[in-house]
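Read-outs: derived from the displayed coordinates by stated rules, not from any lab. Quantities reported herein were computed from a predicted structural model and do not represent experimental measurements. Note: ideal-geometry Cβ built from the backbone for every residue, glycine included; neighbour counts use all protein chains shown.
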Amino acid sequence: MKRNCSLEEISDGRLYSINDMVRADCQDCKGCSDCCKGMGESIVLDPYDVYRLKKGLNTDFNGLLSTCMELNVFDGIILPNLRLSGKDEKCTFLNAQGRCDIHQFRPGICRLFPLGRYYENGGHKYFLQIYECTNKSRSKIKVSKWIDTPELKTHEKYIDEWHYFLKAIQYNAAKVSESDLKNINMYILNQFYVTMSVNENFYQVFCEKLKCAKESLNSITDI
Ligand code: SF4
Ligand code: SF4
């Protein structure tokens, strides 16, 4: 999710790459679950997150919508995010012991925290959010180890492609008619979330779908 503040206000001022060491390791959180509560709509799910959730929970897009996910509008575009529940607004995957029930296939934002992504020049780096994690005695860990994502180079390329595609669509969302925007939203949800099959290679199918999407939406959005 885009944040309207400077990097200096929220971070240690450094940008990190996957081979850098960063003070992000909260040592298994030790009973803390602060960042799994009260986070509003901020855990936005990218197509790989939803693919991973569908596979891990053995369900489909509608199954996720009826249990742990909801749809909201982010800069004109409808995207899924993790749903919270109860008066303390907990993530539905936070169990009674304060642990994540889907640790193995948790979303990308959860894997990053307290890191965030900083996008520039068609790529991204990572930054450390210094005020977000309540554990102030974190130790250093290599960024790639902290993110704990297989095929990380391929994943990073996918993250950039998705981010800049979405950014172009969001930039154009205010300029297109209501009916065009509705069609764009339906198309994106269907192509990248609903119909993405867990029996196929995600990155390969994503590339094909992105190519088609750029061709299909080009006349409306100039991407
Ligand atoms: S706030 Fe920090 S220590 Fe607490 S659950 Fe989140 S990452 Fe772990
Ligand atoms: S998916 Fe897991 S790590 Fe992410 S907010 Fe929910 S309980 Fe926390």
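Excluding same-chain residues fewer than 8 positions from Lys211, which lysines have a Cα within less than 27 Å of its Cα?
Lys2, Lys54, Lys55, Lys125, Lys153, Lys157, Lys167, Lys175, Lys182
Could the peptides 159-169, 48-58, 66-76 be put in order, highest first, of the mean number of other beta-carbon atoms found within 10 Å of their residues? Numbers along the way, then the final one.
Numbers: 159-169: 17.1, 48-58: 18.6, 66-76: 14.7.
Answer by packing, highest mean first, reads 48-58, 159-169, 66-76.
How large is the Rg to Rh ratio of the range 56-177 when both quantities use alpha carbon positions and Rh follows Kirkwood? The partial results should precede the final answer.
Numbers: Rg = 16.6 Å, Rh = 17.0 Å.
Radius of gyration over Kirkwood radius for the range 56-177 works out to 0.98.
Normalised by the number of residues in the chain, what is the relative contact order in percent for Cα pairs under 8 Å and 6+ residues apart?
Working: 263 pairs, mean separation 63.3, N = 223.
That works out to 28 percent.
Treating cross-link reach as a plain straight distance, find the lysines whose alpha-carbon is under 24 Å from the alpha-carbon of Lys30, omitting any fewer than eight places away in the same chain.
Lys87, Lys90, Lys136, Lys140, Lys142, Lys145
Tell me, Leu45, Leu210 in order of fewest to most beta-carbon neighbours within 10 Å?
On the way: Leu45 21, Leu210 17.
In order of increasing Cβ crowding within 10 Å: Leu210, Leu45.
Can you return the aspartates and glutamates within cross-link range of Lys209? Criterion is Cα-Cα under 20 Å, with same-chain partners fewer than 8 residues away left out.
Answer for Lys209, where 20 Å is the Cα cut-off: Asp46, Asp49, Asp60, Glu151, Glu156, Asp160, Glu161, Asp180, Glu200, Asp222, listed by chain and number.
Can you give me the Rg/Rh ratio for the chain, using Cα atoms for both radii and the Kirkwood formula for Rh? The partial results should precede the final answer.
On the way: Rg = 17.7 Å, Rh = 18.6 Å.
Here the Rg-to-Rh quotient is 0.95.
Just add up the charged neighbours of Val198: K/R +1, D/E -1, any other residue whose Cβ is under 12 Å from the Cβ of Val198. Walk me through the intermediate numbers first.
Numbers: positive: Arg52, Lys54, Lys55; negative: Asp60, Glu200.
Result for the neighbourhood of Val198: +1.
Per DSSP H run of at least 4 residues, take -39500 (n - 2.57); add these up for the chain, divide by its residues and hand me the 222 nm value, nearest 500 deg cm²/dmol.
Working: 8 runs with 84 residues, N = 223.
It comes out at -11000 deg cm²/dmol, rounded to the nearest 500.
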